[in-house]
1. Say each of GLU67 and HIS147 gets a label point 7 Å from the Cα, pointing the same way as Cα to Cβ; how far apart are those two points in nm?
2. What fraction of the Cα pairs in region 51-154, stated in percent, has a spacing above 23 angstrom?
3. What is the distance, in nm, between label points placed 7 Å from the Cα along the Cα-to-Cβ direction at VAL53 and at GLN110?
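Since every read-out is calculated from the coordinates, none of them should be taken as a lab result. Bear in mind that the values here come from a model prediction, so they are computed numbers and not experimental data. Here the Cβ is made from the backbone with ideal geometry for all residues, glycine too, and neighbour counts use every protein chain on show.
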Amino acid sequence: MTQTKRVCRRCTGRSRACVRCPIVQSTAKGIGKEKKMPNQTIPQQSNTPEMTVIGADTTIKGEMFFEKSARILGNFEGKITAQGEVHIGNGANCNAAVEAEQIIVDGSVQGPLFARDRLTLTANAQVQGDLTAGTLVVAEGASFVGHCNVGPRANEMTGNANTQTNTQTNTQTTPPQATNAEPKANITTQLDLTPPWATQSTGSSVA
């Protein structure tokens, strides 16, 4: 290795630096040189939310609660509740009540759907049940049978309508009560308690 002509105090006045010079030794060993670090790839965090997937070959009966999102690809019967999004995939069959922040139906559902934010029915959706959502998006080709309540105040309006209906039903079914009762007639029957022998004796004496 070629030594660098660097002169220390000990080598002052010399045309060539000594071998024992600490500056030359440090240069020869590579100390003080900048080392290039290899390019390190920083893993990028995915923005995709965590989602629980129910496979196409899975059949579940009962009640399930998801803290985040869920995707149903198989058969489910019961009740589904999620804090995030519930996606009913193409080919899935759900005979259940579904409640979530957002619901996307791309399969078959028999039961009520309650979406706090948005409910989307794709072209492959087949829904039979009541829908309640803040926003409803229905694609061309979707099938739906049932009642639909859409809007941020749909629940309040539905509750008021049910209260009015129950009040009217109770008013019509309750018969009017009579306030004045007609007095009942007192019937008195006088019976003849005279014995027959007393009548015969009286007739004989007169004769």
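1. If labels sit at GLU67 and HIS147, their model points lie 3.6 nm apart.
2. Percent of Cα pairs beyond 23 Å in region 51-154: 15.
3. A separation of 2.8 nm, rounded to one decimal place.
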